[in-house]
Amino acid sequence: MKSTEKIIIGSDEFSLLLSEEKIQKRIKELADQISSDNKSTVPVFIGVLNGSFLFMSDLIRYLNINCEIDFFKLSSYGDAKISSGKVKLLKNLNCEVNDRNIIIVEDIVDTGLSIKYIEELFSQKRPSSMKVISLLVKPGSLKYDVKIDYIGFKIPDKFVIGYGLDYEQKYRNLRGIYVLNEKGV
């Protein structure tokens, strides 16, 4: 779907927060940095489904290094606008990560709960290194002390959709990222 300045979904109004052009420019910058940091390795990029698939796809295409990819699927939102506070592993990895350099690809880091869960998962697997890249980070929402090595954009603590991020499994195909407007009091 083409980017517009505002979108109405039911009784909710969303405004464009990040345009497609701004997103693509930043992803290229991140890919250049990751390529520079990993010149002598072949990292495994592990996308967290479903939200990271667009971001990871674009990121991989901008890289100047060899890499492998895999995905796992976690759930902490269901169909809600806020996290349930519990993470479930819905799909595990197909690749071997022991003694490998891995880069976890997230669409958004909200509370940090999913990253904390991923850190615990990988503490049993012994990768050579683990780095995290997230397109979006909400610093005001973080509840866990997690390290994010590559950050696309820091955004306010508001609900966002588009570019892989959903609302009730819809609107992932929006080319920009939209923020839910506050309703007047």
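Some observations on this one:
- Using a probe of 1.4 Å on the protein chains alone, the accessible area found for residue 100 is around 60 Å².
- Cα gyration tensor shape of the stretch 22-181, rounded if a/c is under 1.5, else prolate or oblate by comparing a/b with b/c: oblate
- Taking every C-alpha pair closer than 8 Å and separated by at least 6 residues, the mean separation divided by the residue count of the chain gives a relative contact order of 25 percent.
- Top of 18, 121, 135 by mean-square fluctuation, Gaussian network on the chain, Cα under 10 Å: 121
- Helical content of the chain, expressed as a calculated mean residue ellipticity at 222 nm, amounts to -6500 deg cm²/dmol (DSSP H runs of 4 or more residues, -39,500 (n - 2.57) each, divided by residue number, nearest 500).
- In the full protein context, the chain carries 52 Å² of accessible surface per residue, based on a 1.4 Å probe and ignoring ligands, DNA and RNA.
- Over the stretch 3-54, volume per residue of the alpha carbon convex hull, in Å³: 95
- The largest accessible area among 62, 167, 178 belongs to the first residue in 62, 167, 178, and the rest follow in falling order (1.4 Å probe, all chains).
- Largest to smallest accessible area among 70, 99, 157 [probe 1.4 Å]: 99, 157, 70
- The length gained by stretching the chain between residue 24 and residue 53 to full extension, at 0.36 nm per residue less their Cα-Cα distance, is 9.0 nm.
- DSSP-assigned coil residues among chymotrypsin sites (Phe, Trp or Tyr not before Pro) in the stretch 1-56, each with at most 16 further Cβ atoms within 10 Å: none
- Cα-projected label distance for residue 8 with residue 36, points at 7 Å along beta-carbon direction, nm: 4.6
- Of all accessible heavy-atom area on the chain, the percent that carbon and sulfur account for (1.4 Å): 49
- Cβ crowding within 10 Å averaged over residues, with 142-152, 109-119 ranked highest first: 109-119, 142-152
- Mean shadow area of the stretch 86-185 over all directions, Cα convex hull, nm²: 7.9
- Taking the Cα centre of the stretch 1-67 as reference, the dipole from Cβ charges on Lys and Arg (+1) and Asp and Glu (-1) amounts to some 200 debye.
The values are calculated or read from the model by the stated rules, or taken from the named source; none is laboratory data. Note that the structure is predicted; figures quoted are calculated from it, not measured. In this analysis, Cβ positions are derived from the backbone assuming ideal geometry, glycine residues included, and neighbour counts consider all displayed protein chains. We work out accessible area using only protein heavy atoms, side chains counted, and drop any ligands, DNA or RNA first. Shrake-Rupley method; radii C 1.70, N 1.55, O 1.52, S 1.80 Å.
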